[in-house]
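> Once you've had a glance at the structure underneath, I'll fire off some questions.
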Amino acid sequence: MDISTTKDTPLPSTPPPPAAEEKRAARGATRPGDRIFLGLSRGSGIFLLVIMAAIAVFLSYRAVLAIGKDEGNFFTTFEWNPTGNPPVFGIAVLAFGTIVSSIIAMAIAVPVAVGIALFITHYAPRKLGGPIAYVVDLLAAVPSIVYGLWGALVLVPQLDGLYGWLNDYLGWTGIFEWQGGAPRSMLTVGILLAIMILPIITNVSREVFRQVPQMHEEAALALGATRWEVIRMAVLPFGRSGVISASMLGLGRALGETMAVAMVLSSSFEINLSLLDPGGGTFAQNIASKFSEATEMGRDALIASGLVLFVITLLVNGAARLIIARRKEFSGANA
């Protein structure tokens, strides 16, 4: 029997769209609604950049006026007396207090927030996870002044035991040495800030963990992974960039918090090695407490310190963007 062979014929290509459809597509790209939306979006972005530039120019101009009259070193002086003769003021104490209190807050809040987010999304039953998430959402809506009142009236009196324990077992380090007195120190500020930024980091991290592809988790379980191994190998790598973003949002609030810090901190322009000794200050707290009574020279000095806080915030957010960009390809989001 003859066996005939036939050549493989290529599949027919998709026919081009009719002329009417091409005209309709071209007309859709230039619809009035599309043009209006494009213009509004572009204008909003440009307007935001203009606002940021205007803020930077204003702060820089007033800061130059103040620093030009400062008889001390603006970055290293441990004094704030812009109304003196001659005026002397510096941000050394403010920069130290802002950075230290923010680091303490992040060290406490980030692990706890990630743990709460993982518990809500991967461990808690739905009937329990829903109410916990709702309570966390409510914490984000509490005003700063309420946190400050709670910190001054409830938190500060309850920290004597913790301060005594730290002094007894870790006082030899010098960092946790306590000389007695009201616990209105940088550690107290850090604890209060951690409570304030906890719901922000928790909410964002929770939503990120919910976006983990189900196939990643099922594949890990099929290979015999435990619940913790699934979280370590599939959930955390996927949500790393989101957790970093959430942490930067919380850090932004910690850097700029004013009234709550002012109500629990015994501010003074000195740097203490111990985190338990009263004293220190932050940029935002110093501006809030001194702006109403400041002279024109004092306001310029406060604006100069605000410019430093503005730059620190920009640098922190820029560093976060770089970290996210470097980690994004390893996050597993594109797998």
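No lab work stands behind these numbers, since they all come straight from the coordinates. Since this is a predicted model, take the numbers as computed values, not measurements. As a convention, Cβ positions derive from the backbone with ideal geometry for all residues, glycine included, and neighbour counts pool all protein chains shown.
> Working only within region 266-296, note down all residues that are assigned to a loop (DSSP other than H, G, I, E, B) and closer than 20 Å to Thr77 by Cβ.
Ser267, Phe269, Glu270, Ile271, Asn272, Leu273, Gly279, Gly281, Thr282, Phe291, Ala294, Thr295
> Going by the conditions given, is Arg126 within 26 Å of the chain's Cα centre (by Cα) and basic (Lys, Arg)?
The answer is no for Arg126.
> Right, something else. Mind checking which residues of region 127-158 are within 21 Å of Glu207 (Cα to Cα), of a type outside the set (Val, Ile, Thr) and either in contact (Cβ under 8 Å) with a residue 40 or more places away in the chain or loosely packed, with under 15 Cβ neighbours inside 10 Å (or both)?
Matches in region 127-158: Lys127, Leu128, Gly130, Pro131, Ala133, Tyr134, Asp137, Leu138, Leu139, Ala140, Ala141.
> Then there is this: Looking at (1) exposed (fewer than 15 other Cβ atoms within 10 Å of the Cβ); (2) among the β-branched types (Val, Ile, Thr); (3) assigned to a helix (DSSP H, G or I), can you tell me which one Thr76 breaks?
Tallying (1) exposed (fewer than 15 other Cβ atoms within 10 Å of the Cβ); (2) among the β-branched types (Val, Ile, Thr); (3) assigned to a helix (DSSP H, G or I), Thr76 fails exactly one: (3).
> Separate question: Within region 223-262, how many residues are part of a helix (DSSP H, G or I) and within 22 Å of the chain's Cα centre (by Cα)?
Total satisfying the criteria: 26.
> Being free of Cβ contacts under 8 Å to residues at least 40 places away in the same chain, assigned to a helix (DSSP H, G or I) and of a type outside the set (Gly, Ala, Ser) is the filter here, so list the residues in region 159-207 that pass it.
Of everything in region 159-207, those that are free of Cβ contacts under 8 Å to residues at least 40 places away in the same chain, assigned to a helix (DSSP H, G or I) and of a type outside the set (Gly, Ala, Ser) turn out to be Asp160, Leu162, Trp165, Asp168, Tyr169, Leu170, Trp172, Thr173, Glu207.
> May I pose another question? How many of the residues making up region 208-246 are without any contact (Cβ under 8 Å) to a residue 24 or more places away in the chain and among the polar types (S, T, N, Q)?
Within region 208-246, residues that are without any contact (Cβ under 8 Å) to a residue 24 or more places away in the chain and among the polar types (S, T, N, Q) number 2.
> Taking Phe119, is it surrounded by fewer than 16 Cβ atoms within 10 Å (Cβ to Cβ), without any contact (Cβ under 8 Å) to a residue 60 or more places away in the chain and not in a helix (DSSP H, G or I)?
no
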